[in-house]
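Only the coordinates and a few stated rules stand behind these numbers; no lab work does. Treat the numbers as computed from the prediction; the structure is a model and nothing was measured. We place every Cβ from the backbone using ideal geometry, glycine too, and count neighbours over all the protein chains shown.
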Amino acid sequence: MNFKPANESTTRRTFLRNGARLFGVASLAGLGGVLASRSQAQNWVWQIDPQKCVRCGNCATNCVLEQSAVKCVHAFAMCGYCNLCTGYFEPEPNALTTAAENQLCPTAAIKRTFVEDPYYEYTIDEKLCIGCAKCVEGCNRFGNGSLFLQIRHDRCVHCNECAIARTCPGDAFRRVPASQPYLLKTTHAH
Amino acid sequence: MKREFQLSSRREFFGQAAGTMAILGAIASQRASGAESQSKNPFAYDVSHLQKTDPKLIAYEEKSRWKAPHAEAKRIAISADDTLYVCSGNYLTAHDSSGASKLEIAATEPTRCCAVAKDGTIFLGLRDHVEVFYAKGQRKAIWESPGKKPWLTGIAVAENDVFVADAGNRVILRYDKSGKLVRRIGEKDKERNIPGFIIPSPFFDVEISHDGLLRVNNPGRHRMELYTSDGDFEGSWGVTSMGITGFCGCCNPINFALLPDGKYVTCEKGLPRVKVYSATGEFESVVAGVETFSENARACGPSDCTAGGLDAAVDSHGRIYILDIVTGDVRMMQRKA
């Protein structure tokens, strides 16, 4: 048999073999790219933009979890530590006490602690908070707006299509990098 | 087996169409009712009943209205000759009762408050210092900043003194007319029985009454306080309530003015309303209720309640000028006959 050196001219078989190898390498590279982009996509999470939130109540009722992953959070730097906290008290409370009938929160998830006359500190018990935003509305309407809603990522199951986002009338839900998963409120110039 | 397409008879066609329409209608109505129930918020924070004022309580009527000449209007003041001064944007402007402009002074930063002495000297508060102008607008002096984190929001002028409300440091600063700081008034002091000012948001005002005592709002405590010019605490009045007779929210009243007979004209945010109280603090009447300032009421809500607010000034005839800081409207209100 008389074989020609491979480098002299390419046979059909060699051409097809090389082509198949090249295709394999390209496929692997493409697959790697797809996997890389998918893993990058997993690094984005849902969050609520507090500036867009309209306190509609959907966060409490539309989450796929039995108790919503959305919770009220508190920017203490913005808080006035008010005696008459409109996020804590009913619009016309009988008295400024912690009695249940005076509290705005339907689950009594806000704790009121005396600091010094006339200041009180308000903290959220997240186990009780259902994310209804009633306190957020009271605080924004009459106060400094230090209470606001956020998706808590220790509870969120990271649905691809967030059930609350689909019905959010304020279009306040958006994806944020998992490395910076919260959109916090800060003080602003007057 | 080949299926043949057959044209329906007219009766069959209409029958089928009616059936389809009925099914589609049922689905649409079900969806609509679903959307309606979804739009109703079971956790709604409802204060709509507080946004309506009993007409019997309203003792004033609007006589004229005009716009502040620049955006971001903050405060108004009236001089002894009834000229109205408006702090808006980087300007201080002077107007007659119809709103016609008489003077405009440009500043290097937003103007926040002003007061005019009997001789026409203008004291203009910027964020961290006071500037003094002659009546015709030439700059006379620039006073030194009072110290750390000042946020000047109110000025009152007496015969020999100028009192400046510094919301940043929660204190009334007493200056002499040359700009020398003489005294700090209202800082918490248990030995002198001074409770201290609570200022959750930057609204803090001071006025001098005919009796020579300072009137100062203490918005975090929902009350007005009286001080001597030497800083002795003389008394206070005010009730915490969302009802018409009280002050509510984090901080109200935010601004105020004094009528010639010593009565108070108070301004509130959250439930934006202007009311008159007697010289001893009893509620008397409403100048303008929440329904007058609907846009201002909406401004408190989207993010916080520091965006809303009103200011008032009183002329020598007892007419009340109200500045809506959201819309920039200046209303002249006169007592009903």
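Dividing the summed -39500 (n - 2.57) terms of all DSSP H runs of n ≥ 4 by the residue count of the protein assembly as shown sets its mean residue ellipticity at 222 nm at -5000 deg cm²/dmol. When +1 charges are put on Lys and Arg Cβ atoms and -1 charges on Asp and Glu Cβ atoms, the dipole computed for the protein assembly as shown relative to its Cα centre reaches about 3020 debye. If R0 equals 51 Å, the separation of the Cβ atoms of B:Ser209 and B:Lys40 corresponds to a calculated FRET efficiency of about 0.55. Across region B:108-260, how many lysine pairs, 8 or more positions apart or on different chains, have C-alpha atoms separated by under 25 Å? Please give the number. Pairs that pass both the separation and distance tests number 19. Taking a straight line from the alpha carbon of A:Lys71, these aspartates and glutamates sit under 17 Å away, with near neighbours fewer than eight places off in the same chain left out: A:Asp49, A:Asp125, A:Glu126, A:Glu137, A:Asp154.
What is the calculated FRET efficiency for B:Thr280 to A:Thr167, with r their C-beta to C-beta distance and R₀ = 41 Å, to the nearest 0.05? Computed FRET efficiency for B:Thr280 and A:Thr167: 0.15. Mind jotting down the distance between the C-alpha centroids of region B:146-185 and region A:122-182, whole Å? One Cα centre to the other: 42 Å.
At 0.36 nm per residue, and after removing the present C-alpha to C-alpha distance, how many nm does the segment from B:Ala71 to B:Tyr134 gain when stretched out fully?
Numbers: separation 63, 0.36 × 63 = 22.68 nm, distance 2.45 nm.
Result: 20.2 nm gained on full extension.
Here is the list for region B:166-269: trypsin sites (Lys or Arg not before Pro) lying in DSSP coil, each with at most 15 other C-beta atoms within 10 angstrom of its C-beta, are B:Lys180, B:Lys188, B:Lys190, B:Arg192. If the chain linking B:Arg10 and B:Glu234 were pulled fully straight, counting 0.36 nm for each residue of separation and taking away their Cα-Cα distance, it would gain 71.3 nm. What the Cβ-Cβ distance of B:Asn90 and A:Thr123 gives, at R0 = 45 Å and to the nearest 0.05, is a FRET efficiency of 0.60.
Can you give the longest run of chain B that contains no GluC sites (Glu not before Pro) sitting in a DSSP loop with at most 16 other Cβ atoms inside 10 Å?
The longest such stretch corresponds to B:192-281.
Label-to-label distance, A:Arg13 versus A:Glu101, with points set 7 angstrom from Cα along the beta-carbon direction: 9.7 nm. If one computes the Cα centroid of region B:244-278 and of region B:37-82, what distance in Å separates the two points? Taking the Cα centre of each part, region B:244-278 and region B:37-82 sit 12 Å apart.
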